[in-house]
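These notes are about the structure you will find just below.
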Amino acid sequence: MTRPPHSLPPAYFESLYDADPDPWRFATSPYEAAKYAATLGALGPRYDHALEVGCAIGVLTERLAPRCGRLLALDVAEKALAAARARCAALLGVTFRRARFPAEAPPGPFDLILLSEVVYYWSPADIEAAAAAIEAALRPGGDLLLVHWIRETDYPLSGDEATRRLRQALGGAVRAVAEARTDSYRLDLWRRTGAPPTRGSARRASKGPVRPS
């Protein structure tokens, strides 16, 4: 199989949403529902400011938002963002933005960055750029959660290769906290190194999350 040499462009995703308002069945798939439950189970109970990269139609955004004081959700497809805005219209503290990560990465600071099913769309060069953006935007002590399909794809990278490359690019900027693997996806929770802020916070205790089963 020949993989694309470059990151998948916004037009790729826009064409999918032009053809189908929910091309991956985020709202109806039992696989997606189970994966979202594992994703939320790996996280702490509260984050001050979170970033979700690749929010799609906002199904996970809707479930994540109650744990966040503020949640910024990005996507490159306007039709997906329109659906996400409608789904989350009643939620406070949620902002949607059309932006291509890492080229248009917001500066933060964030205490959670969620990369669910997105890193394998990026080229190795963009993964290097993403690592620099994450390192700059994620607070010390903040969480970085990756969730990726590990079966066959025709994307620039496989889920395993994408995760490995981002971990290598981040180097000592993060440490592994938890991981889980099924026959379909992997989940990796990393934490930004350095001392967390000393001010009072509603974030969880330092013991960290329970490893998903």
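Below, the figures for the structure above:
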item	result
Net charge of neighbours whose Cβ lies under 14 Å from the Cβ of His6, counting Lys and Arg as +1 and Asp and Glu as -1	-1
The chain: antiparallel DSSP beta bridges as a percent of all, rounded to 5	40
All-pairs alpha carbon distance profile, the stretch 28-192, 10 Å steps from 0, percent	11, 42, 40, 7
Radius of gyration and maximum dimension Dmax of the stretch 1-55, Cα, Å	15.1, 43
Relative compactness, the stretch 61-113, computed as alpha-carbon Rg over 2.2 N^0.38 Å	1.11
Neighbourhood charge, 11 Å Cβ-Cβ cut-off, centred on Leu60 and excluding it, Lys, Arg +1 and Asp, Glu -1	-1
Translational D in µm²/s for the stretch 12-104 (Stokes-Einstein at 10 °C, 1.306 mPa s, Kirkwood Rh from C-alpha pairs)	117
Neighbourhood net charge (10 Å Cβ-Cβ; Lys/Arg +1, Asp/Glu -1) for Ser29	0
Extension reserve of the Glu179-Ala37 stretch, reckoned as 0.36 nm per residue once the Cα distance is removed	49.7 nm
Between the stretch 117-185 and the stretch 1-77, the Cα center-to-center distance that results, in Å	15
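Here, each number is a calculation from the coordinates, and none is a lab measurement. All values derive from a computational prediction rather than experimental measurement. Ideal geometry is used to build each Cβ from the backbone, glycine not excepted, and the neighbour counts take in all protein chains shown.
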